[in-house]
Amino acid sequence: MKSLLQKLNIQDINPGASFGAGHWIEDKAGAELVSYNPATGEPIAKVIQATPASYDQVVKASQQAFESWRNVPAPKRGQLVRDLGEAVRELKEPLGELVSLEMGKIRAEGLGEVQEMIDICEFAVGLSRQLYGLTMHSERPNHRMYEQWHPLGPVGVISAFNFPIAVWSWNSTLASVCGDTVIWKPSELAPLAAIATQHICNRVMADHGLSGIFSLVIGTGQEVGELLINDPRIPLVSFTGSTKVGRHVNQTVAGRFGKTLLELGGNNAIIVAEDANLDLAVRAILFGAVGTAGQRCTSTRRIIAHKSIVDELTQRLVKAYGQVSIGDPLDEGTLMGPLVTPAAVEKMEAALQNASQAGGTVLTGGKRIERPGNYVEPTIVRMPKQSDVVKEETFAPVLYILDYDSVDEAMRIHNDVPQGLSSAIFTDSMQTVERFLSSGGSDCGIANVNIGTSGAEIGGAFGGEKETGGGRESGSDSWRAYMRRQTNTINWGKELPLAQGIKFGD
Ligand code: UN1
């Protein structure tokens, strides 16, 4: 840990873990938050949570910074993000390793997470010259109509433990080129990765003579999260996490007419058709279901396989699962690290119990591993067609296998869950592909063909429907969520014609 911090050029994990107005706030009244290593169960560091007073200080600084940042030309704002991308690129290894250490994803995935940050920085820099609005033809003579996009203000970003820094970067790089400032409440399970990232932001902001563009408030959802979602000074709250908490965030922020951007639960399935290339399918399923120990919102949780190939596919998967090396996420060769907390292990056990009661058969895995840390076996469960158990998201490496007879039936099973994030199909049939992608096909925000459900590139809009919350982050035109649209009509003539041809007192 010490050597990682040295490599990151951080003298110390600052005990006052709120950062605003250009300095760390050492609020002695703040409660202690301990970050644990999920691979050993041992504490790594203690940080101090923001109190309402330090939270308020951060928001005020963010509001103040917004007043000038909003007037900086967008391409210039992009230069801050360009330099952030460069700084992160230089520190990719130690930052990725810190993510692995703190939340347990394997090193390759920790580095991949940092690569997502670098990628989105590049995307945002280009975007800073492309915040386009439309122009329209007015129905009135000598009138011009167009729309423009203005920044919103300080944006609250509440991120989850599983992508502790990348999802912040999707939000904060876009928001900042859009002219917003960002207040980040990271997951209480991964405060160190957030503090390290804030240190990097601080250096880059200082190089530009800036402060308050990116700030940080550490704390629990019940305390700091509540302050943020109830705060009328925060016009937009971007929340990544469970559907249960997301529903509360949504209702609270809507109650004050704020905006939300929600990335909630997923229950992602892969349909494997009778003509699928099973070599590809097995590899994709393995990465999707076992990668990040099943703790991505895009993780593959259900396989819906044609009855003619379901047995072969299952056998191949069971064999592949048997070869997964489980261990310290930072060790070379490890494919699956621990779950994030002991509570996550218990949730997995409870889900497996429910699955057995519902007629499921565990084909491989199914147990916690008796050693220090939150280790479990990656698990495959063969499920009967009718079961509500598969409609729930369990953040663990549990894969349910179901079979189908017809593509229509596969689609029905596929869509019959409350969540709607990611989906995939493996087939070589053009008809089946198009059926899957048609409006009556997958109801998810992401629908892939011959690749798995997880591991999306940053260039596309990321998010999903139904209980996933409807938000879109990252690529495409997701930037619009961070701005307000204004329609402008300009009369450059000498008359005042009314729209719809109305005569009023002429
Ligand atoms: C998440 O799990 O919250 O598509 C984000 C993926 C990653 C992002 C996942 N690029 O799996």
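The values are calculated or read from the model by the stated rules, or taken from the named source; none is laboratory data. Source: prediction; values computed, not measured. In this analysis, Cβ positions are derived from the backbone assuming ideal geometry, glycine residues included, and neighbour counts consider all displayed protein chains.
Computed values, structure above
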quantity	calculated
Close pairs from the stretch 275-290: first among the aromatic types (Phe, Trp, Tyr), partner modelled with pLDDT of 95 or more, Cβ under 6 Å, at least 6 apart	Phe287/Gly452
Test set (1) of a type in the set (Lys, Arg); (2) touching a residue at least 40 places away in the same chain (Cβ under 8 Å); (3) more than 19 Å from Ala175 (Cβ to Cβ) - Lys46 fails condition number	(2)
Residue selected from the stretch 236-287 under the condition charged (D, E, K, R) and either under 30 Å from Glu226 (Cα atoms) or within 15 Å of the ligand (Cβ to nearest atom) (or both), by the criterion farthest from the chain's Cα centre (by Cα)	Arg256
Filter result for the condition that a residue is more than 16 Å from the ligand (Cβ to nearest atom) and assigned by TED's automatic domain parsing to the domain that holds Pro52, over Ala166, Ala175, Ala190	Ala175
Residue satisfying all of: in the stretch 440-455; within 18 Å of Leu261 (Cα to Cα) and out of contact with any Lys or Arg (no Cβ under 8 Å at 6 or more places or on another chain); nearest to the ligand (Cβ to nearest atom) among these	Ile446
Unmet requirement for Ile120, which otherwise passes all of (1) assigned to a helix (DSSP H, G or I); (2) away from the ligand (no atom under 13 Å from the Cβ); (3) in contact with a Phe, Trp or Tyr (Cβ under 8 Å, 6 or more places away or on another chain)	(2)
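Conditions tested, residue by residue: (1) under 14 Å from the mean Cα position of the chain (by Cα); (2) charged (D, E, K, R); (3) within 30 Å of Ala74 (Cα to Cα).
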| position | (1), (2), (3) |
| --- | --- |
| Asp408 | no, yes, no |
| Arg412 | no, yes, no |
| Ala461 | yes, no, yes |
| Gly469 | yes, no, yes |
| Gly475 | yes, no, yes |
| Ala481 | no, no, yes |
| Arg484 | no, yes, yes |
